[in-house]
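Asker: First the structure, then my questions, so here it is.
The values are calculated or read from the model by the stated rules, or taken from the named source; none is laboratory data. What you see is a predicted model, and the numbers here were worked out from it, not measured in a lab. Neighbour counts are summed over all protein chains in view; Cβ atoms, including those assigned to glycine, are modelled from backbone coordinates with ideal geometry. Ligands, DNA and RNA are stripped out before the accessible areas are found, and what is left, the full protein with its side chains, is counted by its heavy atoms. Shrake-Rupley method; radii C 1.70, N 1.55, O 1.52, S 1.80 Å.
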Amino acid sequence: MAEALHALTASAGPEARAPRHLLRLAPVLTVAAFAVPIACGLVGTLMPAFGYLPAIGGDHWSLDPWRALRDAPGFFTSLQLTLVVGWASTLISVLLALAAAGFLHHRAGAKRLGAVLAPLLAMPHSALAIGFAFLILPSGWVVRWVSPGLTGWTIPPDVGTVGAASGWPLIAALVMKEAPFLLLMILGALNQVRAPAQVAAARALGYGPVLAWFKVVLPQVYPQIRLPIYAVLAFSLSVVDVAIVLGPGNPPTLAVQAVRWFSDPDTARYFPAAAAATLLLGVVLASIGAWWLAERLARPLFRRWLERGARGGASVPASGVVTVAGAVLAVLAVLSMLGMLLWSVARPWRFPDAFPPGLTLETWTRQSSQLAGPAWTTLFVGVASTVLALVLTLACLENESRSTRPVDRTAPAVSARSAVSASVWLLYLPLLVPQIAFLFGLQVLLIRLGLDATVSAVVWAHLVFVLPYLFLSLAEPWRAFDARYARAAASLGASPWRVFWRVKLPILLKPLLIACAVAFAVSVGQYLPTLFAGAGRVATLTTEAVTLSGGADRRVIGTWAGLQALFPLLAYLLATLVPRLLHAHRKGLA
């Protein structure tokens, strides 16, 4: 005890003298870190969309890029496919997440769902897409299990799965990733409402557990998951890496078509590409507006359903069926991961064998020299962007906690909520704006600054997307910190910085490391930011895995995608184990 008191009251050192005004700059710097690149990038994309980019011959404003886009072969099919994939995957993901939350909330083990979902969420989108492709290909794992016994096939059937024109593999893969994400958001939102007590009260009035959740809890939870739903909708409409692996190739989705034109050696293609990127931005904004309008139209219908007070219905079996469908997709996601890793260690594995004739590390050994460079780059970019995001986030949250004055509990509380709501909208900005809509403009800016094709540019581009996830992951546990610990330390003479280092960080170590693991996983999965900021010359595991996904050697592809998926999983494992090791004698902190 005396040692602990001495540690708190001893001279605070240099950190105690850190200037307070640096903290006040943190929110401005944080917003600038992602808002400035997005704003500059949008301007840099809008200009060539209307014909103006003098560096490549666009000397006057015109609508020619839009005419070229309209006349491009397959343009309307691409637009239709984009809308179908984006809306179908979002609607199915929302339905599955709500049904699973309503069906599972009162069951044993529901509180551990977050831990179960974490590995699935950690897997990069492109790695899951590659694993899913291995599963559903005509020569994939699913067909091998039933061949030739049930099908009689000794050679792969001539059917189209990956690259199907309807886009169903792309929709299925997006649902596998986005439904768990939304379910995790719902579980987080449940912590802010007294769900168990309210469900118990509703059940006392004769409602079933599922119906009680939908009638009492959902109206309170939905406003908190509205922004995540918008983010899922925006992502599904504009995803590129998953669409390259699983989507149709000709014509592809609008985002993939724009990337192809941006990658074309003919710079004249940049103008219709910028028009396509701008159109995609309009599609996303219009879709979010349509979803918002649908919410408003559905509100009186939902209220009428509540007021009718019906207690029967098929809510339990219906939600159970939907939950089982979600569980099937989760199993497919796990099998995709296992199949991908199995291919990476398989000996020559011929159709229709259900399992490889043997296991070997030969492919890993053969690919080790090629893997090393992209792996180190992935690790460096992920760690650097995560550390930068962590510093900015901690500075913002610490500034917020020191600026809070809990004296007036009326008007200031309202203004504080408004400020928090505005900041949340700002943080979601990189998740709501399609990447392709501003990354080309950002690349133009990097070229003018002489920073393109550098690792530092890639770190900056990753920071735009890493920062919101880290902030949103850490903000809630940081704001829930019991201020009495800080006040007790301050009463013993500790300075604010000493309280920060010696009290807050040790207590909040576990959520802090989890937030860092989330941020690192986001960085590892970035494809387009690496491609544009690195000008195709900075290779990471994700860019190489997506490039190789069209190849024929599944053992090589499995090796790259497997290592890409292992990095985030190892980060989550460390985030879980380190607090247990450091706080082994403090049960509440482990």
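Asker: Any idea which of (1) farther than 30 Å from Leu451 by Cβ; (2) open to solvent by 20 Å² or more (accessible area, probe 1.4 Å); (3) of a type in the set (A, V, I, L, M) is the one Ala539 doesn't satisfy?
Answerer: The one condition Ala539 does not meet is (1).
Asker: Taking Thr530, is it touching a Pro at 6+ places or on another chain (Cβ under 9 Å), farther than 25 Å from Ala395 by Cα, among the β-branched types (Val, Ile, Thr) and buried (at least 20 other Cβ atoms within 10 Å of the Cβ)? Outline the logic, then answer.
Answerer: Numbers: touching a Pro at 6+ places or on another chain (Cβ under 9 Å): no; farther than 25 Å from Ala395 by Cα: yes; among the β-branched types (Val, Ile, Thr): yes; buried (at least 20 other Cβ atoms within 10 Å of the Cβ): yes.
Against the criterion (touching a Pro at 6+ places or on another chain (Cβ under 9 Å), farther than 25 Å from Ala395 by Cα, among the β-branched types (Val, Ile, Thr) and buried (at least 20 other Cβ atoms within 10 Å of the Cβ)), Thr530 does not qualify.
Asker: Just to check your reading of the model, which residue among Ala325, Ala290, Ala268 is open to solvent by 40 Å² or more (accessible area, probe 1.4 Å), at pLDDT 90 or above and farther than 30 Å from Ala55 by Cβ? Give the steps one after another, and end with the answer.
Answerer: Working: Ala325 fails: at pLDDT 90 or above; Ala268 fails: farther than 30 Å from Ala55 by Cβ.
After applying the criteria, what remains is Ala290.
Asker: On to the next question. How many of the residues making up the range 442-460 are assigned to a helix (DSSP H, G or I) and either farther than 30 Å from Ile514 by Cα or open to solvent by less than 10 Å² (accessible area, probe 1.4 Å) (or both)?
Answerer: First, pick out the residues of the range 442-460 that are assigned to a helix (DSSP H, G or I): 442-449, 455-460.
Filter again for either farther than 30 Å from Ile514 by Cα or open to solvent by less than 10 Å² (accessible area, probe 1.4 Å) (or both), leaving 442-449, 457-458.
Looking only at that region, the number is 10.
Asker: A follow-up question, please. Condition first: open to solvent by 20 Å² or more (accessible area, probe 1.4 Å) and in contact with a Gly (Cβ under 9 Å, 6 or more places away or on another chain). Now tell me which residues in the range 246-263 satisfy that.
Answerer: Applying the first criterion (open to solvent by 20 Å² or more (accessible area, probe 1.4 Å)) to the range 246-263 yields 249-251, 257, 260-261, 263.
Within the range 246-263, Gly249, Asn250, Pro251, Gln257, Ser263 meet the criteria.
Asker: Among the residues of the range 202-230, how many are open to solvent by less than 10 Å² (accessible area, probe 1.4 Å) and within 24 Å of the chain's Cα centre (by Cα)?
Answerer: Of the residues in the range 202-230, 5 are open to solvent by less than 10 Å² (accessible area, probe 1.4 Å) and within 24 Å of the chain's Cα centre (by Cα).
Asker: Do the conditions hold for Ala197, that is, is it among the small types (Gly, Ala, Ser), out of contact with any Cys (no Cβ under 9 Å at 6 or more places or on another chain), assigned to a helix (DSSP H, G or I) and buried (at least 24 other Cβ atoms within 10 Å of the Cβ)? Don't jump to the end; show me each part of the working.
Answerer: Values: among the small types (Gly, Ala, Ser): yes; out of contact with any Cys (no Cβ under 9 Å at 6 or more places or on another chain): yes; assigned to a helix (DSSP H, G or I): yes; buried (at least 24 other Cβ atoms within 10 Å of the Cβ): no.
It is false that Ala197 is among the small types (Gly, Ala, Ser), out of contact with any Cys (no Cβ under 9 Å at 6 or more places or on another chain), assigned to a helix (DSSP H, G or I) and buried (at least 24 other Cβ atoms within 10 Å of the Cβ).
Asker: Here's another thing I want to ask about it. Looking at Gly188, Gly163 in this structure, which one is out of contact with any strand residue (DSSP E or B) (no Cβ under 7 Å at 6 or more places or on another chain), closer than 23 Å to Val116 by Cβ and touching a residue at least 24 places away in the same chain (Cβ under 8 Å)? Quick ask: steps written out before the conclusion?
Answerer: Numbers: Gly163 fails: closer than 23 Å to Val116 by Cβ.
Answer to the check: Gly188.
Asker: Another question about this same structure. So which of Leu581, Leu569 is without any contact (Cβ under 8 Å) to a residue 12 or more places away in the chain, of a type outside the set (Asp, Glu) and open to solvent by 40 Å² or more (accessible area, probe 1.4 Å)?
Answerer: The unique qualifying residue is Leu581.
Asker: Where residues in the range 376-426 are outside any helix (DSSP H, G or I) and not aliphatic (A, V, I, L, M), which of them is modelled with the highest pLDDT? Even if it seems obvious, please write down each step before you answer.
Answerer: Taking the range 376-426 as the starting set, the residues that turn out to be outside any helix (DSSP H, G or I) are 404-410.
Those left that are additionally not aliphatic (A, V, I, L, M): 404-406, 408-410.
Numbers: Thr404: 65, Arg405: 54, Pro406: 51, Asp408: 47, Arg409: 46, Thr410: 46.
The extreme case among them is Thr404.
Asker: Another question, then. With the condition being within 18 Å of Gly247 (Cβ to Cβ), I'd like the helices (runs of 4 or more DSSP H) fully within the range 73-183 carrying at least 3 qualifying residues.
Answerer: On the way: elements: 75-104, 113-122, 125-136, 141-146.
Where helices (runs of 4 or more DSSP H) fall fully within the range 73-183 and carry at least 3 residues being within 18 Å of Gly247 (Cβ to Cβ), they are 75-104, 125-136.
Asker: Which condition from (1) touching an Asp or Glu at 6+ places or on another chain (Cβ under 8 Å); (2) open to solvent by 20 Å² or more (accessible area, probe 1.4 Å); (3) on the phi > 0 side of the Ramachandran plot is the one that Gly51 breaks?
Answerer: Going through (1) touching an Asp or Glu at 6+ places or on another chain (Cβ under 8 Å); (2) open to solvent by 20 Å² or more (accessible area, probe 1.4 Å); (3) on the phi > 0 side of the Ramachandran plot one by one, Gly51 breaks only (2).
Asker: State whether the residues of the range 461-472 include one that is part of a helix (DSSP H, G or I) and surrounded by fewer than 21 Cβ atoms within 10 Å (Cβ to Cβ). Break it down into steps so the answer makes sense when it comes.
Answerer: First, the residues of the range 461-472 that are part of a helix (DSSP H, G or I): 461-472.
Narrowing further to those that are surrounded by fewer than 21 Cβ atoms within 10 Å (Cβ to Cβ): 472.
Yes; the residues of the range 461-472 include at least one that is part of a helix (DSSP H, G or I) and surrounded by fewer than 21 Cβ atoms within 10 Å (Cβ to Cβ).
Asker: Kindly indicate which of Leu170, Leu135 is under 15 Å from Ser236 (Cβ atoms) and open to solvent by less than 10 Å² (accessible area, probe 1.4 Å).
Answerer: Testing whether each residue is under 15 Å from Ser236 (Cβ atoms) and open to solvent by less than 10 Å² (accessible area, probe 1.4 Å) leaves just Leu170.
Every residue, every condition in (1) closer than 24 Å to Ser336 by Cα; (2) crowded, with 24+ Cβ neighbours inside 10 Å, yes or no:
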position: Leu83; (1), (2): no, no
position: Gly86; (1), (2): yes, yes
position: Ser89; (1), (2): yes, yes
position: Leu95; (1), (2): yes, no
position: His105; (1), (2): no, no
position: Gly114; (1), (2): yes, no
position: Leu117; (1), (2): yes, no
position: Leu120; (1), (2): yes, no
position: Pro124; (1), (2): yes, yes
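Asker: Could you look through the range 336-369, keep only residues that are under 29 Å from the mean Cα position of the chain (by Cα) and open to solvent by 40 Å² or more (accessible area, probe 1.4 Å), and pick out the one that is farthest from Leu150 (Cα to Cα)?
Answerer: Here the residue is Ser368.
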